[in-house]
1. Based solely on its DSSP helices, what 222 nm [θ] is calculated for the chain when runs of n ≥ 4 H residues each add -39,500 (n - 2.57) and the sum is averaged over all residues, nearest 500 deg cm²/dmol?
2. What is the sum of charges around Asp58, taking Lys and Arg as +1, Asp and Glu as -1, for the other residues whose C-beta is under 14 Å from the C-beta of Asp58?
3. Filter Lys274/Lys306; Lys9/Lys160; Lys116/Lys274; Lys122/Lys203; Lys73/Lys122; Lys117/Lys271 down to the pairs with a C-alpha to C-alpha distance above 24 Å, please.
4. Under 13 Å from the Cβ of Gln46, count the other residues' Cβ atoms, weight Lys and Arg +1, Asp and Glu -1, and hand me the total.
5. State, as an integer percentage, the relative contact order of the chain based on alpha-carbon contacts under 8 Å between residues 6 or more apart.
6. Rounded to whole Å, give me the distance from the Cα center of region 161-224 to that of region 267-315.
7. With the dipole of region 2-157 worked out from charges on the C-beta (+1 for Lys and Arg, -1 for Asp and Glu) around the Cα centre, which of Ser105, Leu25, Thr3 lies farthest toward the positive end?
8. Can you run phi through the Karplus equation (6.51, -1.76, 1.60; θ = phi - 60°) for region 137-153 and list ³J(HN,Hα) in whole Hz, with x for Gly and Pro?
Amino acid sequence: MITVCMIVKNEESNIIECLTSFRPLTNHFSITDTGSSDKTVEYARQAGAEVSFFAWKDDFSAARNTALSQVKKEWVMMIDADQRLSEEDGRKIRKTLSSLKNDVSVIELYSEFHSKKALLPKLWRTSLGLQYRYPVHEYLQISTGLKRHQLDVVLRSLPKENYLPSRQYYVSLMEEYLQHHSNDQHMLYYLLCDAAYMKDYQKALLAAQRLLELDSLDEGLLVKVLLQSAQVLQAIGSYELAHQSLLQALDEDPQNISACLLMGDLSVDLKNKKQAAIWYQRAQECPPPPIGRWYHDPGQHELAQKKLSALAHLL
């Protein structure tokens, strides 16, 4: 009924544990190896997975789409080798599928990356022939007419010690893509984020500028660009510009908890502890943001309380 599908490279330390965690859901695994030099393929086959091969060409979507083309079961779930599923959640998915109405085509699950969560399409009917888009930071293309079902199940990703090499590679793929699709919002936003992570602040701000110069941005993206820009500007000491960026974000979304927290952090940098306390208090009063396609930290209210408590004895 279900095939768990993944693309892998040099995942010998992950593959057995990953497959084991998904066995309460299914015993059918389809793995596409993109050039492993370790024992990934050997371990995967020993665990009963079907293994195929893909000649890597700097395109994660191409690899995923090739992997998907080989799936024959009714439902497919695309995962990564560093993701884990609890036994309880595996049973929950099976039970849901057994009673699901025929008009439901896509199931959205919670994906947890470090402390952040997003609600993403992770399970869908194979007959739809859905495809991924973009060479990196790929996402599944789903037509608006397809009915989705949200399920309270969490796919947890294991933390990595060093993301810098992968981010450097991702940036190179995005820059190549943007040479031919210069105004693509998705790629420009992730270029902003990954360049900021690498502390290449000039590249990050150029990506932000290109985004803000576009006629319109996808729903919710403007605020995210402004918040990311503010963090970069604060990091390089451009406090006034960071302040302006946060004010604009709050003008778009007055109850944005991330903007309030960042305003508090900026006030701390400016040695204005009373103003910082006001912003942290306001953050606590903000409603929790809905979990959607963009990752966010559900622990922000607790973070605001910790920051407020740390300031209390200084006021």
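We did not get these values from a lab; they are worked out from the coordinates using the rules stated. Just so you know, these numbers come straight off a predicted model, no measurement behind them. No Cβ is skipped: glycine too gets one built from the backbone with ideal geometry, and neighbour counts run over all protein chains shown.
1. Numbers: 12 runs with 145 residues, N = 315.
My calculation for the chain gives -14500 deg cm²/dmol from helical runs alone.
2. Details: positive: Lys9, Lys57, Arg64; negative: Asp59, Glu138, Glu175, Glu176.
Net charge around Asp58: -1.
3. On the way: Lys274/Lys306 15 Å; Lys9/Lys160 15 Å; Lys116/Lys274 29 Å; Lys122/Lys203 32 Å; Lys73/Lys122 15 Å; Lys117/Lys271 32 Å.
Beyond 24 Å between Cα atoms: Lys116/Lys274; Lys122/Lys203; Lys117/Lys271.
4. On the way: positive: Lys39, Arg45; negative: Glu12, Glu42, Glu50.
Charge balance near Gln46 sits at -1.
5. Details: 510 pairs, mean separation 41.8, N = 315.
In percent, rounded to a whole number, it is 13.
6. 26 Å
7. Working it through, the farthest residue towards the positive pole turns out to be Ser105.
8. Karplus-based 3J(HN,Hα) across region 137-153 equals 6, 5, 9, 7, 7, 10, 5, 5, x, 7, 7, 10, 10, 8, 10, 7, 10 Hz.
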